[in-house]
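This report refers to the structure that appears directly beneath it.
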Amino acid sequence: MKNFKFYLEQNLFGVCTFLGERMGIAIGNIRLYFIYISFLTFGSPIIFYLVMAFWLNFKKYWRLQKSALGGR
């Protein structure tokens with residue numbers, strides 16, 4: 001089960017992991033808060049989640065491009 005959880009955390013968007021590491025909050029708590037807030041606000045935090053996922057993937061892509069070009 002632990003390997004499955006690690007696989008999901010590494011291959012999904014990683015928004016909750018990123019926020020947890022930045023804020024120093026347990027990742028499990030952030031996921032629970034996100035789920036609770038999504039139910040209370042009828043899913044509007046999903047837009048925030050998707051924007052963050054896009055931004056994190058863009059940031060990763062940008063870093064890969066910079067390293068491929070020799071750090072220019």
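The ranking of Met1, Met52 from fewest to most other beta carbons within 10 Å of each one's beta carbon is Met1, Met52. Only the Cβ atoms of Lys and Arg (+1) and of Asp and Glu (-1) were treated as charged; on that basis the dipole of the chain about its Cα centre amounts to roughly 320 debye. Eigenvalues of the alpha-carbon gyration tensor of the stretch 2-68, scaled by 5 and square-rooted, set the equivalent ellipsoid semi-axes at 23, 16, 11 angstrom, largest first.
Under 27 Å of direct C-alpha separation, and excluding same-chain neighbours fewer than eight residues apart, Lys5 reaches these lysines: Lys59, Lys60. Using a cutoff of 8 angstrom between alpha carbon atoms and counting only pairs six or more residues apart, the relative contact order for the chain works out to 25 percent. Local charge for Lys59 was computed over the other residues whose Cβ lies under 15 Å away, with Lys and Arg +1 and Asp and Glu -1, and equals +3.
Every number in this text was worked out from the coordinates using simple rules, so none of it is lab data. Since the model is a prediction, treat every value here as computed from it, not as a measurement. Cβ sites come from the backbone with ideal geometry, for glycine too, and all protein chains shown count toward neighbours.
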